[in-house]
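Working notes, structure below.
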Amino acid sequence: MPTITVIGSVNLDIVAKAARLPAPGETITDAELHHFPGGKGANQALAAQRLGAHVSLIARVGEDSSADEALKLLREGGVDLTNCKAVPGAATGTALIAVAPTGENQIVVAPGANRTLQPNDFEPPGTDALICQLEVPVDTVAHAAKTFGGFFCVNLAPAKRIDVAVLQRADLVVVNETESAWYGNTLAACTGLIATTRGSGTATLQQGGDVISESTPPAVTAVDTTGAGDTFTAALTVALVEGQEPAEALRFACAAGAVATMRMGAQSSLPGRDEVDKYA
Ligand code: RIB
């Protein structure tokens with residue numbers, strides 16, 4: 001089984017399941033309130049662990065009660081949290097999420113302690129793979145990309161300006177269609193694989209400007225799409241590092257992402273290997 005390090009965010013997701021998403025300036029009432037562990041880094045770490053990898057997470061939380069809630073499923077799932085440290089005086093990252101009955105969401109993140117993770121806070125990991133996203137400082141991601149020697153995946157979410165060297169270094173770049181449009185021609189700098197997700201639509205894998213594989217996620221009834229992209233990213237990395245062919249790996253990742261939409265919450269909805277294999 002592959003060893004994977006994730007450098008990324010930990011958030012507590014405060015979720016309101018409502019009859020629909022609000023328009024700007026609108027108030028929607030009668031929502032159901034939930035707290036779920038989240039954060040793109042933490043979600044990707046637990047997703048990879050549930051799919052069979054041995055995962056360690058490098059992250060920062062606050063010294064507050066939200067940290068315990070946010071880290072609960074990672075602890076229970078056996079993710080190595082040795083390098084997930086509490087920062088005195090900082091708040092744990094918090095995501096405010098509205099979810100519609102269709103599973104669509106709107107997310108606003110207050111990063112808190114995630115902002116404090118600095119390039120020299122950790123040694124280059126010795127694992128088979130490293131996964132980063134952009135909810136921690138981009139300089140930290142750039143430093144990790146430069147110093148790490150194994151398979152490097154970067155999920156360019158949320159979309160932010162990033163050093164082109166990160167794109168040139170990445171073996172795998174993952175974007176959704178909104179992020180892909182935001183980055184535009186910048187993605188031409190990528191030398192590795194680019195995976196683009198399109199919700200329930202067809203995902204693609206590109207290399208050198210050519211589409212090398214396409215896969216449509218299995219049809220499922222979505223109740224909450226939060227964390228589906230994180231599950232896809234983790235699953236694609238696990239599959240490629242295991243040595244699966246790109247087409248097979250993309251199908252596996254699409255299935256994993258689809259299954260993650262069938263339950264509420266980010267980490268609470270992450271599938272295990274057997275469940276993904278049934279849908280792949
Ligand atoms: O990708 C989903 C995640 O984005 C949520 O868990 C939320 O914390 C935000 O970081």
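The protection proxy used here, the mean number of other Cβ atoms lying within 10 Å of each residue, ranks peptides 223-231, 100-108 as follows, highest first: 223-231, 100-108. Rounded, prolate or oblate, given the Cα gyration tensor of the stretch 177-225, with a/c below 1.5 counting as rounded? The shape class here is oblate. For the stretch 1-143, the alpha-carbon coordinates run over 48, 34, 27 Å along the three principal axes, in decreasing order.
A simple charge model with +1 on the Cβ of Lys and Arg, -1 on the Cβ of Asp and Glu and nothing else charged puts the dipole of the stretch 106-203 at about 220 debye relative to its Cα centre. Let me know the shape class of the chain, please: from the alpha-carbon gyration tensor, a ≥ b ≥ c as square roots of the eigenvalues, rounded when a/c is under 1.5, otherwise prolate if a/b is greater than b/c, or oblate. Cα axes put the chain in the rounded bin. Build a GNM of the chain with springs between Cα atoms under 10 Å apart, and of I28, I162, I14 the one that fluctuates most is I28. Taking the Cα centre of the stretch 170-243 as origin and assigning +1 to Lys and Arg Cβ atoms and -1 to Asp and Glu Cβ atoms, the resulting dipole is close to 80 debye. Taking label points 7 Å from Cα along the Cα-to-Cβ direction, Q168 and W182 give a separation of 2.4 nm. About its Cα centre, the dipole of the chain is roughly 200 debye, where the only charges are +1 on Lys and Arg Cβ and -1 on Asp and Glu Cβ.
Given R0 = 25 Å, the distance between the Cβ atoms of A247 and R198 translates into a calculated FRET efficiency of 0.90. Remark: relative contact order (the chain) = 18 percent; criterion is Cα-Cα distance under 8 angstrom and separation of 6 or more residues. For the stretch 120-215, taking Cα atoms only, Rg and Dmax work out to 13.1, 40 Å respectively. Each listed q (0.12, 0.20 Å⁻¹) maps to a log10 I(q)/I(0) for the stretch 152-280, found by the Debye formula over equal Cα scatterers with no solvent: -0.41, -1.11. DSSP assigns beta bridges within the chain; of those with both partners inside it, close to 40 percent run antiparallel.
Placing R0 at 51 angstrom, the Cβ-Cβ distance between N120 and I28 gives a FRET efficiency of 0.70 after rounding to 0.05.
Taking packing as the residue-averaged number of other Cβ atoms within 10 angstrom, the listed peptides 191-203, 256-268, 132-144 run from highest to lowest as 256-268, 132-144, 191-203.
For the stretch 65-122, the normalised intensity computed at q = 0.15, 0.27, 0.28 Å⁻¹ comes to -0.60, -1.16, -1.18 (log10 of I(q)/I(0), Debye sum over alpha carbons, equal scatterers, no solvent). Can you tell me the FRET efficiency between D80 and A159 if r is taken as the Cβ-Cβ distance and R0 is 45 Å, rounded to the nearest 0.05? Efficiency computed from Cβ-Cβ geometry: 0.95.
Look at the dipole of the chain built from charges on Cβ: of L46, T27, L71, the Cα furthest out on the positive end belongs to T27. Classify the stretch 29-109 from the C-alpha gyration tensor, please: rounded if a/c falls under 1.5, else prolate or oblate depending on whether a/b exceeds b/c. Note, shape of the stretch 29-109 comes out oblate.
Each reported figure results from applying straightforward, stated rules to the coordinates on display, with no laboratory input. As the structure is a prediction and not an experimental result, all values here were calculated from the model. Ideal geometry is used to build each Cβ from the backbone, glycine not excepted, and the neighbour counts take in all protein chains shown.
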